[in-house]
1. Spot the failing condition for Ile159; the list is (1) in contact with a Ser or Thr (Cβ under 6 Å, 6 or more places away or on another chain); (2) crowded, with 19+ Cβ neighbours inside 10 Å, and only one is missed.
2. Scan the stretch 5-60 for residues that are farther than 16 Å from Leu102 by Cβ and aromatic (Phe, Trp, Tyr) and jot them down.
3. Within the stretch 241-265, take every residue that is of a type outside the set (Gly, Ala, Ser) and in a loop (DSSP other than H, G, I, E, B) and give me the one that is most open to solvent (accessible area, probe 1.4 Å).
4. For Asp121, indicate whether it is of a type outside the set (Val, Ile, Thr), in contact (Cβ under 8 Å) with a residue 40 or more places away in the chain and open to solvent by 50 Å² or more (accessible area, probe 1.4 Å).
5. Counting only residues that are more than 25 Å from Val41 (Cα to Cα) and assigned to a strand (DSSP E or B), which one in the stretch 9-22 is most open to solvent (accessible area, probe 1.4 Å)?
6. Run down Phe6, Phe26 and say which single residue is open to solvent by 40 Å² or more (accessible area, probe 1.4 Å) and either under 19 Å from Gly91 (Cβ atoms) or under 23 Å from the mean Cα position of the chain (by Cα) (or both).
7. Can you tell me how many residues in the stretch 184-201 are touching a Lys or Arg at 6+ places or on another chain (Cβ under 9 Å) and under 21 Å from Lys141 (Cα atoms)?
8. Might you check whether a residue that is more than 22 Å from Gln130 (Cβ to Cβ) and touching a strand residue (DSSP E or B) at 6+ places or on another chain (Cβ under 7 Å) occurs anywhere in the stretch 58-67?
Amino acid sequence: MNYIVFDLEWNQSDTGSEPEAKEIPFEIIDIGAIKLNGERVMTEEYNQLIKPSVYHHMHKVTGNLIHLHMRDLKKGRPFEEVIKEFLSFCGTDFIFCTWGPLDVFELQRNMHYYKMTPLRDTPIRFLDVQKLFSIAYEDKKSRRSLEHAIDYLEIEKKIPFHRAYSDAYYTACILAGLDERVLENYSIDTYVLPRTRQDEIHVMFHDYMKYVSREFPDKIKAFEDREVISTKCYLCHKNIRKKIRWFSPNGKNYYSISFCPKHGYMKSKIRVRKSENDMVYVVKTSKFISEEEHQSIIRKREQAKAHRKSKN
């Protein structure tokens, strides 16, 4: 299997010049990629500018960041032509690798806009090297800039940052040096969601479980679903009793605590997200925690109660 490390640069509506196209808020204008073989040795590269067809004015912030102008992009090639060539470069047996979670999503959204054949009809598994860097070298939660990671690892800065090829190259350098065990922590892109209950995703990582649901019309319907609100021990596969029922301290994330007689306290977290179809889906993670973390969740629940009481 090959690793396709790629990076995208995109443009967006420049307020006052042209309106935003809802179907494609970010138009890809530059793609760069590095192919690594199974031993994570760099073998090939790809880079191409894309001629814009949606936004014809460069957003000021984008232009200043990536040092590209519309006159440069006019020399590019049409999106469909470039992406077909890029996918041919990828081959058939590969996994996408990116710095951060956005590029795989935006690639699919741009392809959908141009009515191209979807990459998959199910959610795509990929390696978020930004997350893997945090797992390997930091606290697993922080998300650092690419340049910070390059400085931390003392990798030579050969080319400027903030262009698709250079950022793909530096991301590939970081990926090449990661411990093999870290690569088990893959990410799941949700541009395409599970279609049925049977297609829903349940994945067990080293120290937590992740669940991605199908779409629901709204949050109320999602929380009526038994699988969404269940708290099953992912080690002994038995339903366990909730010590703290689902609550939300901020209206966005929901938490619960359950207790397994064999494995202890398990924290579950639900994030409700909007889909591309103006529906919602759920990402639920479950993880066994310490007594100290258990008490922290209790305090968070009490603070949420006090906040609601003060508002009423």
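The values are calculated or read from the model by the stated rules, or taken from the named source; none is laboratory data. Computed from a predicted model, the values in this text were never measured in an experiment. Virtual Cβ from ideal backbone geometry, glycine too; neighbours counted across all protein chains shown. In case anyone asks, the SASA skips ligands and DNA or RNA and just uses the protein heavy atoms, side chains included. Shrake-Rupley method; radii C 1.70, N 1.55, O 1.52, S 1.80 Å.
1. It fails just one condition, (2).
2. Matches in the stretch 5-60: Tyr46, Tyr55.
3. To start, the set of residues in the stretch 241-265 that are of a type outside the set (Gly, Ala, Ser) comprises 241-247, 249-250, 252-255, 257, 259-263, 265.
Okay, now just the ones that are also in a loop (DSSP other than H, G, I, E, B), so 249-250, 252, 261-263.
Details: Pro249: 48, Asn250: 87, Lys252: 146, Pro261: 120, Lys262: 162, His263: 63 Å².
Looking at residues that are of a type outside the set (Gly, Ala, Ser) and in a loop (DSSP other than H, G, I, E, B), I get Lys262.
4. Details: of a type outside the set (Val, Ile, Thr): yes; in contact (Cβ under 8 Å) with a residue 40 or more places away in the chain: yes; open to solvent by 50 Å² or more (accessible area, probe 1.4 Å): yes.
So Asp121 fits the description; yes.
5. The residue in question is Trp10.
6. Values: Phe6 fails: open to solvent by 40 Å² or more (accessible area, probe 1.4 Å).
It is Phe26.
7. Number of matching residues: 6.
8. Applying the first criterion (more than 22 Å from Gln130 (Cβ to Cβ)) to the stretch 58-67 yields 58-60, 63-64, 67.
Okay, now just the ones that are also touching a strand residue (DSSP E or B) at 6+ places or on another chain (Cβ under 7 Å), so 58-59.
Among the residues of the stretch 58-67, at least one is more than 22 Å from Gln130 (Cβ to Cβ) and touching a strand residue (DSSP E or B) at 6+ places or on another chain (Cβ under 7 Å), which makes the answer yes.
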